[in-house]
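Undergrad: Once you've had a glance at the structure underneath, I'll fire off some questions.
Each value in this text was obtained by applying a stated rule to the coordinates, not by laboratory testing. Quick caveat, the model's predicted, so the values are computed rather than measured. No Cβ is skipped: glycine too gets one built from the backbone with ideal geometry, and neighbour counts run over all protein chains shown.
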Amino acid sequence: MVTSLIEHGKIETTVPKAKELRVVADRMVTIGKKGTLHSRRLVAAFVQTPLAVSRLCDVIAPGFAERHGGYTRIIRTRIRHGDAAPMAIIEFMPAGKPMGDGSVGPTTPTIKKAIVPTTKEKFEAAE
């Protein structure tokens, strides 16, 4: 399944299989990011086709150079009609640095501090 994910970019499978595939695919991208001959051989020992090895090491992994993990995402799609299995699409995230400026997603509310009046007695007690 990792080979198919690398060759096609995204695949549809069941949710449990997608969750297991995410672990293996992220590990392969992490190994491929190193760009050494040893890392290519480690990927080639696991991935089944030479085309997938070159695509992972030359195209996919360099796009994630600034990202530390989280190379794939799982999107739940439907319930399969035959056996009612939950289906999901697993795909690689867009290449590049993740958005860390907080512009996407819910914002956390800011807590305002209560203004405490300062009195003369409070300053005299501190001295």
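Undergrad: I'd like to verify a number: residues in region 20-74 that are part of a loop (DSSP other than H, G, I, E, B), more than 14 Å from the chain's Cα centre (by Cα) and of a type outside the set (Gly, Ala, Ser), how many?
TA: Matching residues across region 20-74 total 6.
Undergrad: Using beta carbons and a limit of 6 Å, which pairs, at least six apart or on different chains, have the first residue in region 1-16 and in contact (Cβ under 8 Å) with a residue 60 or more places away in the chain and the second one acidic (Asp, Glu) and outside any helix (DSSP H, G or I)?
TA: Close Cβ pairs (under 6 Å, with a partner that is acidic (Asp, Glu) and outside any helix (DSSP H, G or I)) amount to 10/91.
Undergrad: So how many residues does region 23-59 have that are closer than 18 Å to residue 93 by Cβ, surrounded by fewer than 18 Cβ atoms within 10 Å (Cβ to Cβ) and either polar (S, T, N, Q) or touching a Ser or Thr at 6+ places or on another chain (Cβ under 7 Å) (or both)?
TA: Looking only at that region, the number is 2.
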